[in-house]
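Any read-out appearing in this document is the output of simple, stated calculations on the displayed coordinates, not a laboratory observation. Keep in mind that what you see is a predicted model, and the values were worked out from it rather than measured. For neighbour counting, all protein chains shown are included, and Cβ atoms are generated from backbone atoms with ideal geometry for every residue, glycine included.
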Amino acid sequence: MKYFAKMNVFALLACIPLVVFAQLEVNVYRISRVTGLDLDIVVKAPWIAFLIAAVLGLILFPFYIRKHLGRHSADGWLLILWVPYFFLFAGTIGRLLPVMHPGEDPGPGAGMLLLMVMFFYPIYVLMTLMFAQFRWDFGVEADQ
């Protein structure tokens, strides 16, 4: 049961970059209207935030996996366990911040873009799991 809780914590942390990207990408017009920023800047911001979060995740998540999860036969579940958390967060944010102005509706390509990113996101999680299993010794032999 303890391993299951730790697995869920990883899944929750792993879905955060995707939730941030999805909310920034879908709410581009609202963010531009509320902040007064130019639309070009607001359109580029989700990609920059997603890349920063993804790179930080690739660096930090393997340490979490190695310390708390280790190698386990249930590691394959981590590839899909983030999906319910993504829909939980996205749905909650959608309920808390509903679209009030018709001009804030996302463009027609936003859904396809999110589907594409969600399709490739398990590859990112798989890379994180692979980096956690990789031994980082940099050629230094252990003292025996």
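Which residues make up the longest stretch of the chain clear of chymotrypsin sites (Phe, Trp or Tyr not before Pro) that lie in a DSSP loop with no more than 11 other Cβ atoms within 10 Å, not counting the sites?
The segment 1-133 is the longest one with no such site.
The range 1-109: which trypsin sites (Lys or Arg not before Pro) are DSSP loop and have at most 14 other beta-carbon atoms within 10 angstrom? Intermediate values should be presented prior to the final figure.
On the way: sites: 2, 6, 30, 33, 44, 66, 67, 71, 95; in loops: 71.
Here the sparse-neighbourhood loop sites are 71.
Taking N as the number of residues in the range 48-105, what value does Rg over Cα atoms divided by 2.2 N^0.38 Å take?
Values: Rg = 16.4 Å, N = 58, 2.2 N^0.38 = 10.3 Å.
It is 1.59.
Which of 34, 77, 1 sits closest to the plus end of the dipole of the chain, meaning its Cα is farthest towards the positive end, when Lys and Arg get +1 and Asp and Glu get -1 on the C-beta?
1
If you find the alpha carbon centre of the range 15-48 and of the range 77-130, how far apart are they in angstrom?
A separation of 13 Å, based on Cα centres.
With r defined as the distance between the Cβ atoms of residue 120 and residue 52 and R0 fixed at 22 Å, what FRET efficiency is calculated, to the nearest 0.05?
Working: r = 18 Å, r/R0 = 0.80.
The calculated FRET efficiency here is 0.80.
Give the cross-link partners of residue 67 among the lysines, using a straight C-alpha distance below 29 Å as the criterion and excluding same-chain residues fewer than 8 apart.
The qualifying lysines are 2, 6.
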